[in-house]
Amino acid sequence: MLLALVAALAALAVPGLAGSPVPEQFTPVDMLTAPRPHAALAAPGGKYALNVVDQWDEETDVTTRTLYLLHPHDRKAHPEPLFSGRTSEAAEVLWLSNQTVAYLNGSSLYHFSVAPESSKRVIHLLDFPESIEPSAIQYDAESRTLAFSAAVWTENGDFGLTAAGDQAYADRGDTGQVYDDLFVRHWDTWRIPGRVYTIGTTVLRQRADGLFDSAHVFTNILEGTGLYSQADAIGADQFSVSPTHIAFALKPPHLQVATHTRLEVYLQPLDQPGSRPIQLTPGSQGAISGVQFSPDGKKIAWLEMAQDGYESDRRVVVVHTLSGGKLGQSVRWTQDWDRSPSDITWSLNSESLYVLAEYNGRVRPYHLSTPGRLPTPIAFRGSTLAIAPIDDQDSLFLLSISSLTSPIEVYLLDLDEGDVRGDPDKFPPEAVHRLTDYSGPHINGRLDPFHGEELWFTGVDDRKVMAWVIKPRGWTEEDAAKSYPLAFFIHGGPQGAWDDQWSTRWNLALYASAGYFVVAVNPTGSTGYGQEFTDRIAGHWGDRPYQDLVAGYFAALDKYPEIDPNRTTALGASYGGYMINWINGHNVFGFKALVYHDGILSTTDTYYSTEEVWFPNHDFEGTLIENRANYEKWSPLNHVAEWATPQLVIQGGQDFRLAESQAIGTFTALQLQGVPSRFLYFHDENHWVLKPKNSRRWHHEVLRWLDEWVGAGKRHGIEAEAEVEVEAEAIDIDSLNPGLFYDDFSDLVDGVGAFVEDVTANVIEEIEEMVSIVL
């Protein structure tokens, strides 16, 4: 009687109603052909904004890029299309003034005015030197300096000789490449020794009509400093230009690039290229990102990690105030804030900052008014990917927001509308105004039922853990128990998270639309739940996150009895792929099928084949020589004998983070064990499958594999009852200690029966609490 009452009460809280129309399925092709808006780019002063929107055409296999002009102060205005072309024809877009737009087509920069009285005719501005690969272009109007990342050869440092150096290398007469140091290759590219990336500048001249001219003089400002990026282009968040200086973050040349994450922030006068830069950081910190001059050019902000060698350490906002254009004082604004901001934007008056940071499965924008004061969240829906203040009073903002069910759309946040400053947790809905609807007509309501629900449960060491849950297409409150299959997702990183945001690689709503209950746990090691929660995975790859996944799985089965425990699957990539292999040797879940993408079979082999060696050094608490026992302890290779669950294995041939030998070894092990398995290989993809047609094939094979082993969608009556029963036993996840994994799989199975009592008591306590609330 008690359980029936609780079930009835739970049903009342769920939006699905019997007899409601079921939306059409949202397929992988629907997702891949949906518009892909970029974050809005506000003009100086905020009168206008630009929006780049890409869209793939399946028939022609061409992605078209359209540039839109937004009028954010006119809430009724629609985005105004400016031009369309292939993505390569507008690779970089930027503002040169409050009404002049520039874009990069190949190695040429073009520009035009968006002023109402202008013709919007596109005019050629300049040609970059051949082969320098210009990127991350930015412009300072006061100094008229255009800065950019570019490739040069260290033997001369001259942009004008890059093409000749490339040709000489191509004509060297053999294909041998000689390396005397690391990196040999990085991410998906082989390094060419002697060819590096630097920062270049050129000066523009503004004409009377508001357009620009160029003298076509390009300066390598780092020539002679010994500073450069060895293997990768310098990102837009690694340097910033002011009227007098350029600030940039680079790795010191004496460091071993493969084992250090440390970057230093340097300051160099624009009128003294090649001079010795001033170092602003102390030389004891870790990674640096988000370098940004204030609009008045008097301050520099950046995000700083404390620990060298730890790529997921907490980022702290640091602001350096210049003294007469020289070395001043640095202040740590967020030292006591237990979140890790990922992006910095200055207020237009240069007095305060806006940052983005993960918080419990979402990315929120925050305002930092003064050093040491806790940031104030200013928006809560979905995940904000960019924030841009567009008035001097810090009351109007452009927010670029996505969610589990929508790609990026642009919103106007008006802090002066309604009583929003008094209590930001109670923003009236009218304070946020949607300015764009690029994807709405394409999606056409098919994802409306699939907004994620938060599932909180007790994980390892009695810590609260969160998962996203999405009910399947066709779900109603009257569905019988054990009606639907489960797709259980495990994220990569491992220091990452499933957030309420859009993805074309792992789109959770897509699987719900295909008929699967979706559960995506953010276990120990995930970001957005405090730094300690993130840090706790170090040295514990195979126990703490695994224990949280077990707890989350059974918590989902308990809360959502419509999930059929006989039809459950798990999917993961990168660290998630590692965990898929680990689970195949420790399948207390009872998964019927697994999907592995670019993961790990052997932690020891991966140590010497990956490129960023700082990562295993940190996460396994030492080098392979120093702490081999920890690598061996958590290596899936040591449990291949227990593998028995059918598994799909996927790999990109250009993935140098986790080499293809890991996937081939995984597939070989499965085949030799006689485990049903399939291998999907993309020779031209890296750690991610990015080409639309390849992504289409990826999704086809993944969904085909799941359907083959558990079947998509609802099953009814006799069909469901005919399944072999698998009891969803509650598991005391703290009992899953390291010894169970390292010694023998039979020890784990023998221990499962002892796990029931504790979790059962928790379930009874929760039921009693619900009833007491109702009564």
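The values are calculated or read from the model by the stated rules, or taken from the named source; none is laboratory data. All values reported here derive from a predicted model rather than from experimental measurement. Ideal geometry is used to build each Cβ from the backbone, glycine not excepted, and the neighbour counts take in all protein chains shown.
Numbers for the structure displayed
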quantity	calculated
Residue list for the stretch 363-402, restricted to those being among the hydroxyl-bearing types (Ser, Thr, Tyr), within 22 Å of GLY530 (Cα to Cα) and within 21 Å of the chain's Cα centre (by Cα)	TYR366, SER383, THR384
Matching strands (runs of 3 or more DSSP E) fully within the stretch 120-168 where at least 1 residues are without any contact (Cβ under 8 Å) to a residue 24 or more places away in the chain and either under 14 Å from THR202 (Cβ atoms) or touching a strand residue (DSSP E or B) at 6+ places or on another chain (Cβ under 8 Å) (or both)	123-127
Complete set of residues in the stretch 328-353 that are touching a residue at least 40 places away in the same chain (Cβ under 8 Å) and of a type in the set (Phe, Trp, Tyr)	TRP346
Members of the stretch 667-714 found to be among the charged types (D, E, K, R), over 25 Å from VAL62 (Cβ atoms) and assigned to a loop (DSSP other than H, G, I, E, B), listed by number	LYS714
Matching residues in the stretch 116-145 - criterion: being under 19 Å from LEU67 (Cα atoms), under 32 Å from the mean Cα position of the chain (by Cα) and among the polar types (S, T, N, Q)	SER135, GLN138
In the stretch 495-526, the residues that are more than 22 Å from ALA555 (Cα to Cα) and under 17 Å from the mean Cα position of the chain (by Cα)	GLN495, GLN501, TRP502, SER503, THR504, ARG505, TRP506, ASN507
Qualifying residue in the stretch 103-115 (condition: surrounded by fewer than 19 Cβ atoms within 10 Å (Cβ to Cβ), under 27 Å from HIS71 (Cβ atoms) and without any contact (Cβ under 8 Å) to a residue 60 or more places away in the chain)	yes
Residues that are more than 15 Å from ARG434 (Cβ to Cβ) and surrounded by 21 or more Cβ atoms within 10 Å (Cβ to Cβ), drawn from the stretch 387-411	ILE387, ALA388, PRO389, ILE390, LEU404
The listed residue being within 24 Å of ALA481 (Cα to Cα) and at pLDDT 95 or above, out of PRO565, PRO523, PRO545	PRO565
Matching residues in the stretch 618-653 - criterion: being farther than 24 Å from HIS586 by Cα, buried (at least 20 other Cβ atoms within 10 Å of the Cβ) and out of contact with any strand residue (DSSP E or B) (no Cβ under 9 Å at 6 or more places or on another chain)	HIS618
In the stretch 612-637, the residues that are without any contact (Cβ under 8 Å) to a residue 60 or more places away in the chain and among the polar types (S, T, N, Q)	THR623, ASN627, SER635
Count of residues meeting criterion [over 20 Å from ARG276 (Cα atoms) and either free of Cβ contacts under 8 Å to residues at least 40 places away in the same chain or assigned to a strand (DSSP E or B) (or both)] in the stretch 210-222	5
Residue identified as aliphatic (A, V, I, L, M), within 29 Å of VAL29 (Cα to Cα) and assigned to a helix (DSSP H, G or I) among ILE650, ILE664	ILE664
Every residue from the stretch 63-100 that is surrounded by 15 or more Cβ atoms within 10 Å (Cβ to Cβ) and assigned to a loop (DSSP other than H, G, I, E, B)	HIS71, PRO72, PRO79, ALA91, LEU96, SER97, ASN98, GLN99
Filter result (without any contact (Cβ under 8 Å) to a residue 40 or more places away in the chain and within 30 Å of ASP391 (Cβ to Cβ)) within the stretch 49-65	ASP54, ARG65
Matching option when the condition is over 22 Å from SER400 (Cα atoms), modelled with pLDDT under 95, among the hydroxyl-bearing types (Ser, Thr, Tyr) and in contact with a Gly (Cβ under 9 Å, 6 or more places away or on another chain), among SER131, SER135, SER118, SER113	SER118
Residue that is surrounded by the most Cβ atoms within 10 Å (Cβ to Cβ), among those in the stretch 494-547 that are of a type in the set (Asp, Glu) and assigned to a loop (DSSP other than H, G, I, E, B)	ASP499
Enumeration of residues in the stretch 342-359 that are in contact with a strand residue (DSSP E or B) (Cβ under 7 Å, 6 or more places away or on another chain) and of a type in the set (S, T, N, Q)	SER342, THR345, SER347, SER350, SER352
Single match in PHE591, PHE620, PHE615 (criterion: more than 29 Å from ALA487 (Cβ to Cβ) and modelled with pLDDT of 95 or more)	PHE620
Check on THR175, surrounded by 14 or more Cβ atoms within 10 Å (Cβ to Cβ) and not hydrophobic (A, V, I, L, M, F, W, C)	no
Extreme residue, farthest from SER323 (Cα to Cα), among residues of the stretch 259-291 that are of a type in the set (Val, Ile, Thr) and either in a strand (DSSP E or B) or free of Cβ contacts under 8 Å to residues at least 12 places away in the same chain (or both)	ILE288
Odd one out for LEU250, checked against (1) crowded, with 22+ Cβ neighbours inside 10 Å; (2) in contact with a Gly (Cβ under 9 Å, 6 or more places away or on another chain); (3) not basic (Lys, Arg)	(2)
Residue list for the stretch 169-200, filter: over 28 Å from the mean Cα position of the chain (by Cα) and assigned to a strand (DSSP E or B)	ARG195, GLY200
Unmet criterion (only one of (1) in contact (Cβ under 8 Å) with a residue 24 or more places away in the chain; (2) closer than 24 Å to THR33 by Cα; (3) of a type in the set (Gly, Ala, Ser)) for SER503	(1)
From the options TYR575, TYR529, residue that is in contact (Cβ under 8 Å) with a residue 12 or more places away in the chain, closer than 23 Å to PHE679 by Cβ and within 20 Å of the chain's Cα centre (by Cα)	TYR575
Residues being of a type in the set (A, V, I, L, M, F, W, C), farther than 18 Å from PRO545 by Cα and touching a helix residue (DSSP H, G or I) at 6+ places or on another chain (Cβ under 6 Å) - total across the stretch 488-513	3
Elements of type strands (runs of 3 or more DSSP E) in the stretch 306-418, at least 2 residues being more than 26 Å from LEU267 (Cα to Cα)	353-359, 362-368, 383-389, 396-403, 406-414
Lone qualifier among ALA663, ALA659, ALA641 - being aliphatic (A, V, I, L, M) and more than 23 Å from ARG505 (Cβ to Cβ)	ALA641
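Listed here are the residues, each with its yes/no results for (1) more than 25 Å from SER143 (Cα to Cα); (2) buried (at least 20 other Cβ atoms within 10 Å of the Cβ).
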residue: TYR266; (1), (2): no, yes
residue: GLN272; (1), (2): no, no
residue: SER275; (1), (2): no, no
residue: ALA306; (1), (2): yes, no
residue: LEU348; (1), (2): no, yes
